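Only the coordinates and a few stated rules stand behind these numbers; no lab work does. What you see is a predicted model, and the numbers here were worked out from it, not measured in a lab. Because the Cβ atoms are built from the backbone with ideal geometry, glycine has one as well, and the counts that use them run over all protein chains shown.
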């Protein structure tokens, strides 16, 4: 007869399976360049007109992500700094072809850690595909300091980033960021996404269905009962 001691590792494995990951970096463009020459704030912040944003690309491969925040490493001494930052994620962007389609966007207050500005978002999911992220703000009320801009990257410690040494600069969009045209920027950008992998392990892999969790929970209850009887 199988003793409860031999079943404990199974319970531990089930518990590990049920424990979600929180706030892990799912995408990061890469570490900051020590010889960064790209710090022009006009690429990041909405002033008056034309509106100008920088997008950099990342891949989601064989997984589904739940995004909890987006972040950027910024180079700025702008005063006063905007109290909120905005962001967009697009698909289908291509130089000389398409400014793409906005699939998620938002704005809000940020937390600051060193040069990293992190904006919480209402959780949303991203399935497999190539996406483009921009983070920006409105510095029309700034009275001193240099414009803010995203740091270029070395590519070191990049996560799910398309390390092609290029980003896209959206120029001339309207006040809702609609329209405009794209110019190339010959740098990767220190943008990132935090969240949780909710579906992974390759194409077609799935997370357990509710009935599966119910079965696992019942199994744990049975293990506990068996342990008490043999105690």
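Sorted on the mean count of surrounding Cβ atoms within 10 Å across their residues, most packed first, peptides 131-144, 182-195, 102-115 read 182-195, 131-144, 102-115. A viscosity of 1.567 mPa s and a temperature of 4 °C, combined with the Kirkwood radius over Cα pairs in Stokes-Einstein, give a translational diffusion coefficient for region 21-203 of 80 µm²/s. Full extension of the chain between residue 197 and residue 159 yields a length gain of 12.3 nm, computed as 0.36 nm times the residue separation minus the alpha carbon distance.
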